[in-house]
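K.L.:
Once you've had a glance at the structure underneath, I'll fire off some questions.
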Amino acid sequence: MKAKKSRLRTLRTVTQWAMFLFVAVLALVKYLKEIGVVIPLPEISLHAVCPFGGVVTVYEFLATGGLVQKLHSSALALMVIGLLVAFLFGPIFCGYFCPLGTWQEWIGKLGRKLFKKKYNRLVPRAADKYLRYLRYIVLGAVVYQTAVTAKLVFADVDPYYALFNFYTGEVAFTAILILIAVTLLSLLVERPWCKYFCPYGALLGLFNLIHIFPVRRRESTCIHCKKCDAACPMNITVSTGDAVRSHQCITCHECLSGLACPVEDTVIVAAGKGGKQA
Ligand code: SF4
Ligand code: SF4
């Protein structure tokens, strides 16, 4: 059980670090080339490797056959791959790959040390419940505005782009402010951007309702210790349902047997329909 635990945790940690460093290096290489430094590496724009770019340009692509300003066709390909993977496993991009999610998690580790048991429990439940739907409004507004203007409007408020380009002078002041706010909020709430604002997380989260391999809990072996609930960064109550179908799950797998759950083969990833949903 311990070996399995460390393998799963290691896989997630390595994936998160690799993705974070990959994006940081891409942004740095592009900046250095732009200011005239000669580096034997290809210049790749972050917009070319952003699957959400594919989502916002779908309308433009269908209407005119072109792409929204600054975007690349690779973004469309990544969007399709991202949606197929989400159909199988849910928002695994959020749990394992997104560098902004990783950034919030890292800051959250400090917040957990500062606020101990109060950390990630500070937003009143009644408000939290409704605030979690805000990200669908953001998604609708971004897709609509991009379709109307054919410009990458989200870039002006995107903390992900700001995180990796803040030093380049090409990031809007609003995006920098939002990055600072998200970073500070992450000291109090785990993944505040993911929970309340992220439009890509909103889209991927919908796949939780239908994806093939959800997190499942076996009632027959569950000892109701609620360790799965305590481990969930998105405050999902895993311990009462048979399958996690919450639109907020980020497929981080922290609740699984071998990680949070102390009983073998009780919280698992498995195909199947039906049962009470968490
Ligand atoms: S919800 Fe958004 S910011 Fe959070 S991990 Fe997913 S894509 Fe990244
Ligand atoms: S339910 Fe499990 S997999 Fe989903 S976000 Fe919570 S801990 Fe992660």
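The values are calculated or read from the model by the stated rules, or taken from the named source; none is laboratory data. What you see is a predicted model; the values in this text were computed from it and never measured. FYI the Cβ positions are ideal-geometry reconstructions off the backbone, even for glycines, and counts take in every protein chain you see. Keep in mind that these areas ignore ligands, DNA and RNA; they rest on the heavy atoms of the full protein, side chains included. Shrake-Rupley method; radii C 1.70, N 1.55, O 1.52, S 1.80 Å.
K.L.:
Report, in deg cm²/dmol and to the nearest 500, the calculated mean residue ellipticity at 222 nm for the chain, where each DSSP H run with n ≥ 4 adds -39500 (n - 2.57) and the sum is divided by the residue count. Before the final figure, lay out each step's value.
P.N.:
On the way: 10 runs with 137 residues, N = 278.
It comes out at -16000 deg cm²/dmol, rounded to the nearest 500.
K.L.:
Could you give me the radius of gyration and the Dmax of the chain, taking only the C-alpha atoms into account and expressing both in angstrom?
P.N.:
When restricted to Cα atoms, the chain yields Rg and Dmax of 19.4, 64 Å.
K.L.:
Rank these residues by their accessible area, most exposed first, probe 1.4 Å: R12, R125. Please report the intermediate quantities before stating the final value.
P.N.:
Values: R12 15, R125 200 Å².
These residues rank, largest area first, as R125, R12.
K.L.:
What do you reckon, how do E264, E170 stack up by accessible area (1.4 Å probe), largest on top?
P.N.:
Values: E264 110, E170 85 Å².
Order by accessible area, largest first: E264, E170.
K.L.:
Given H placed 1.01 Å from N in the peptide plane, which residues other than close sequence neighbours of V215 have an amide H under 5 Å from its amide H?
P.N.:
Here V244 satisfy the definition.
K.L.:
About the Cα centre of the chain, how large is the charge dipole given +1 on each Lys and Arg Cβ and -1 on each Asp and Glu Cβ? Please answer in debye to the nearest 20. If you can, show how the numbers build up before the last one.
P.N.:
Values: 31 positive and 15 negative charges, 270 e Å.
Roughly 1300 debye for the chain.
K.L.:
Percent relative contact order of the range 214-269, based on C-alpha pairs within less than 8 angstrom and at least six residues apart? Working shown, then result.
P.N.:
Numbers: 87 pairs, mean separation 25.5, N = 56.
Answer for the range 214-269 is 46 percent.
K.L.:
Still on this structure, I have one more. When Lys and Arg each count +1 and Asp and Glu each count -1, what net charge do the other residues less than 9 Å away from C255, Cβ to Cβ, add up to? Can you show the working numbers first?
P.N.:
Values: positive: R217, K227; negative: D229, E254.
Overall, the nearby charge balance is 0.
K.L.:
Ignoring everything but the protein chains, give the 1.4 Å probe accessible area of I137 in square angstrom, nearest 10.
P.N.:
I137 has an accessible surface of roughly 120 Å² with all protein chains in place.
K.L.:
Would you tell me the accessible area of C222, worked out with a 1.4 angstrom probe on the heavy atoms of the protein chains, in Å² to the nearest 10?
P.N.:
Roughly 30 Å² of C222 is accessible to a 1.4 Å probe.
K.L.:
Longest exposed-loop-site-free stretch of the chain, with chymotrypsin sites (Phe, Trp or Tyr not before Pro), DSSP loop and at most 14 other Cβ within 10 Å? Intermediate values should be presented prior to the final figure.
P.N.:
Details: sites that count: Y133, Y167.
Counting only loop sites that pass the neighbour cut-off, the longest clear stretch is 1-132.
K.L.:
Compute the separation of the alpha-carbon centres of the range 33-71 and the range 215-240 and state it in Å as a whole number.
P.N.:
Cα centroid of the range 33-71 versus Cα centroid of the range 215-240: 40 Å apart.
K.L.:
In the Gaussian network model of the chain, springs joining C-alpha atoms below 10 Å, which of G140, G169, G95 carries the largest mean-square fluctuation?
P.N.:
Result: G169 has the largest fluctuation of those listed.
K.L.:
Further question on the same structure: Considering only DSSP states other than H, G, I, E and B, which GluC sites (Glu not before Pro) in the range 1-84 qualify as loop sites with at most 16 other Cβ atoms within 10 Å?
P.N.:
Numbers: sites: E34, E43, E60; in loops: E43.
Those that pass, being in a loop and sparsely packed, are E43.
K.L.:
Provide the per-residue ³J(HN,Hα) series for the range 173-189, in order, calculated from phi with Karplus coefficients 6.51, -1.76, 1.60 and θ = phi - 60°, each as a whole number of Hz, with x at glycine and proline positions.
P.N.:
Per residue, the Karplus-derived 3J(HN,Hα) values read 4, 4, 5, 5, 4, 5, 4, 5, 4, 5, 5, 5, 4, 5, 6, 10, 10 Hz.
K.L.:
Hey, what did the chain get for relative contact order, percent, Cα under 8 Å, at least 6 apart?
P.N.:
On the way: 447 pairs, mean separation 55.1, N = 278.
Dividing the mean separation by the residue count of the chain yields 20 percent.
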